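Readers should treat all values here as calculations from the given coordinates under stated rules, not as data from a laboratory. These numbers come from a predicted model, not from an experiment. Positions of Cβ are backbone-derived with ideal geometry, glycine not excepted, and every protein chain shown enters the neighbour counts.
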Amino acid sequence: MAQAMKIAIVDDERDMRQSISQWLALSGYDTETFGSAEDALKVLGSDYPGIVISDIKMPGMDGMQFLKKLMGTDSALPVIMITGHGDVPMAVEAMRVGAFDFLEKPFNPDRMSELAKRATGARRLVLDNRALRQELSDGNQLMKKLIGSSPVMERLKEDILDLGQADGHVLIDGETGTGKTLVAHALHAVGSRAGKKFVLVSCAGLEEDALSKRLFGPMMPEDAQLPAIEEARGGTLVLEDIDALSEAQQAKLLGVINEQGTPAETRIIAISNLQEAGRTCEDVLRPDLFYRLAALRVTVPPLRQRGEDILILFTRLSEQFSEEYGCEAPQVNAQEAAQLLQAPWPGNVRQLINIAERAVLQARRGSGTIASLLMSDHEEMQPVMTTEGKPLKEYVEAFERMLIDNTMRRHKGSIAGVMDELCLPRRTLNEKMAKYGLQRSEYL
Ligand SMILES: Nc1ncnc2c1ncn2[C@@H]1O[C@H](COP(=O)(O)OP(=O)(O)OP(=O)(O)O)[C@@H](O)[C@H]1O
Ligand SMILES: [Mg+2]
């Protein structure tokens with residue numbers, strides 16, 4: 001149910017403001033009265049969830065000055081001015097300054113109710129629109145945080161925009177550090193629940209009893225928090241490491257989901273990175289719960305599938321860190337770029353953030369190379385990483401492979417498209433694909 005709109009009544013005459021207030025309160029408005037414009041200004045900001053009715057003739061700041069002040073704060077705040085009987089010039093002036101309308105004394109209560117209804121309706125519309133715009137821009141902000149324009153990332157962003165609007169629960173999976181939590185935030189921010197609660201619970205981070213209590217309660221009187229299920233009501237509840245739920249907890253969660261019916265009041269976003277252990281959520285969760293949670297699915301791709309995004313991310317991140325540390329961003333040469341592209345990135349974006357920060361710190365000290373950082377993270381890369389005696393050819397080949405791989409992805413395996421984009425004859429393209437072990441069938 002929509003909350004009652006407020007009406008601020010400003011009049012230096014006590015009887016007058018009381019009777020207006022009583023009348024409007026009877027019509028269901030949430031009224032508050034002020035004996036002076038100065039007092040009223042203390043509570044009337046640009047986010048005031050209601051309208052203002054004010055007398056024009058008041059000692060101290062008069063109604064006209066008051067109106068000007070309010071219009072300066074929020075020109076969309078409806079202000080109804082009470083004018084003396086027959087004071088046409090004053091009424092005209094009030095309208096010119098931006099009053100919503102005026103009431104002549106002695107006034108007709110029905111006309112007042114009618115005006116209040118129109119003004120509060122207009123106010124609600126303005127506030128709703130503002131909230132919507134704010135939500136959209138928060139959503140945009142978050143989508144912008146998701147750096148990358150590789151085909152897999154473009155696809156992911158489209159999925160987020162689609163699923164953000166949809167109604168079912170969502171299962172997000174992907175390797176560690178790929179951005180699953182960030183995607184959960186984005187899903188919330190681009191959808192209709194944007195202004196509502198966003199509650200995140202890390203299921204693996206709590207002991208079983210503590211987790212049960214955090215999720216479902218009951219809470220003790222001294223607990224500051226509501227159980228997550230209650231706290232997130234109407235909004236989004238994110239359950240990280242969903243596979244850590246015990247059987248009893250799974251059963252309870254299923255009960256909560258079933259009770260909600262469809263469309264669900266609270267959207268549940270479950271996150272899992274079990275894939276890594278070679279298993280899936282499907283193997284671990286009871287099937288009825290799994291199918292409820294996985295109504296919609298998003299898989300966040302590993303960094304190594306994002307091709308040139310790796311370099312874009314590295315550049316952006318190292319620029320951010322250099323700003324933070326007040327030094328120059330490290331320059332990446334072709335060889336280092338190839339190394340970044342070839343690294344296996346088991347820690348994905350989180351690992352890349354870490355490497356970028358260390359690269360900036362190294363550059364500030366004037367020592368070390370990106371290659372040495374990568375090597376310390378990826379021992380298995382050592383052979384590829386030796387910079388001595390490695391011919392340029394090797395790095396060029398890594399680039400070539402990456403380029404063909406990405407172009408194939410973008411063209412979904414269309415040889416003609418790739419030939420065209422890379423200006424390659426068919427035969428050369430076929431030879432290179434064979435050389436790099438790239439199979440057309442994988443891109444279809
Ligand atoms: N596409 C991206 N662009 C920029 N930053 C990103 C991107 N993806 C992830 N990040 C950043 O990388 C870090 C790790 O992301 P996040 O915590 O969302 O990963 P995760 O998959 O939830 O990790 P875990 O499996 O450990 O829970 C965060 O700082 C996040 O802001
Ligand atoms: Mg996470």
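Within the shell of other residues whose beta carbon sits under 13 angstrom from the beta carbon of Leu403, the net charge comes to -1, with Lys and Arg scored +1 and Asp and Glu -1. Other residues whose C-beta falls under 12 angstrom from the C-beta of Val126 contribute a net charge of +1, scoring Lys and Arg +1 and Asp and Glu -1.
Here Lys432 is the anchor, and the lysines within straight C-alpha reach of less than 16 Å, apart from those fewer than 8 places off in the same chain, are Lys393.
According to the square roots a ≥ b ≥ c of the eigenvalues of the Cα gyration tensor, what is the shape class of the stretch 6-129, taking rounded for a/c under 1.5, prolate for a/b larger than b/c otherwise, and oblate for the remainder? Rounded is the answer for the stretch 6-129, as its axis ratio a/c remains below 1.5. Across the stretch 1-157, the relative contact order, built from alpha-carbon pairs under 8 Å that are at least six residues apart, equals 19 percent.
In the elastic network of the chain, a GNM with C-alpha springs shorter than 10 Å, the most mobile of Pro287, Pro344, Pro302 is Pro287. Potential lengthening of the chain between Leu161 and Ser202 amounts to 12.3 nm, from the contour at 0.36 nm per residue minus the alpha-carbon distance.
Counting only lysines at least 8 places from Lys69 when in the same chain, those with an alpha carbon closer than 30 Å to its own are Lys6, Lys42, Lys57, Lys105, Lys117. Compared with the dominant principal axis of the Cα atoms in the chain, helix 88-97 is inclined by about 10°. By the helix-only formula, in which each DSSP H run with n ≥ 4 contributes -39500 (n - 2.57) and the sum is divided by residues, the chain has a 222 nm mean residue ellipticity of -16000 deg cm²/dmol. Computed from Cα positions, the angle between helix 109-145 and the longest principal axis of the chain comes to roughly 10 degrees. Calculate how steeply helix 14-26 sits against the longest principal axis of the alpha-carbon atoms of the chain, using the helix alpha-carbon long axis, and give the answer as 0 to 90 degrees to the nearest 10. Here the helix axis deviates by roughly 60 degrees. Given R0 = 60 Å, the distance between the Cβ atoms of Arg118 and Glu397 translates into a calculated FRET efficiency of 0.25.
The convex hull built on the alpha-carbon positions of the chain has an orientation-averaged projected area of 31.8 nm². Taking 0.36 nm per residue of separation and subtracting the current Cα-Cα distance, fully stretching the chain between Asp288 and Met143 would add 49.0 nm. The relative contact order of the stretch 146-301, computed from alpha carbon pairs under 8 Å that lie at least 6 residues apart in sequence, is 36 percent. Stretched out straight at 0.36 nm per residue, the stretch from Lys42 to Ala210 would grow longer than its current Cα-Cα span by 56.1 nm.
For the residues Glu230, Glu222, Glu328, what sequence is obtained by ranking on other C-beta atoms within 10 Å, fewest first? Ascending Cβ contact count within 10 Å gives the list Glu222, Glu328, Glu230. Placing R0 at 56 angstrom, the Cβ-Cβ distance between Asn354 and Asp101 gives a FRET efficiency of 0.35 after rounding to 0.05.
Where is the GNM fluctuation largest for the chain (alpha-carbon springs, 10 angstrom cutoff): Gly368, Gly63, Gly278? So, out of Gly368, Gly63, Gly278, the one fluctuating most is Gly278.
Does the stretch 302-389 classify as rounded, prolate or oblate by the C-alpha gyration tensor (a ≥ b ≥ c root eigenvalues; a/c under 1.5 gives rounded; else a/b over b/c gives prolate, otherwise oblate)? Oblate is the answer for the stretch 302-389, as a/c is 1.5 or above yet b/c matches or exceeds a/b.
Determine the shape class of the stretch 243-333: with a ≥ b ≥ c the square roots of the Cα gyration tensor eigenvalues, call it rounded for a/c under 1.5, and otherwise prolate if a/b is greater than b/c, oblate otherwise. Prolate shape, in that a/c is at least 1.5 and a/b is the bigger ratio.
How far is the Cα center of the stretch 176-244 from the Cα center of the stretch 31-85, in Å? Cα centres, the stretch 176-244 to the stretch 31-85: 42 Å. About the centre of its Cα atoms, the stretch 146-301 shows a dipole size close to 440 debye [charges on the beta carbon of Lys, Arg (+1) and Asp, Glu (-1) only; nearest 20 debye].
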